[in-house]
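Below: the structure, in structure tokens.
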Amino acid sequence: MSFAATLFQDPMTAVPFMQLFISMVQLTLLGAVLMFFRPLLIGIARALVLVVRPRPTKDELAARRKLRLAQQAAAAVNGSTEVRALRS
């Protein structure tokens, strides 16, 4: 059934026009309020994410970086050892 047919059917089962109008106005106002407070809501969401999953400290980041570099250096040494073994 189309939208127009729903609006203009017999008065006993028809959706009241004022109810539709008020619902549309409420949705429009809700959208406007959300757009107005969007920066605040985004900040609150980011704060909640940080509460659940905090950022690593500078020391933790440095330790990870040091470990990753050590692993890369070990892989490079192992790779050169394998190349020497294959050459001989």
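Every number in this text was worked out from the coordinates using simple rules, so none of it is lab data. Please read these numbers as outputs of a predicted model, since none were measured by experiment. Don't worry about glycine lacking a Cβ; one is built from the backbone with ideal geometry, like all the others, and counts go over all protein chains shown.
Annotations
- Computed from label points 7 Å out along Cα-Cβ, the spacing between L67 and R55 is 2.0 nm.
- Once Rg and the Kirkwood radius are both taken over the C-alpha atoms of segment 28-67, their ratio Rg/Rh works out to 1.35.
- Multiplying the residue separation of L40 and S23 by 0.36 nm and subtracting their alpha-carbon distance yields 3.6 nm.
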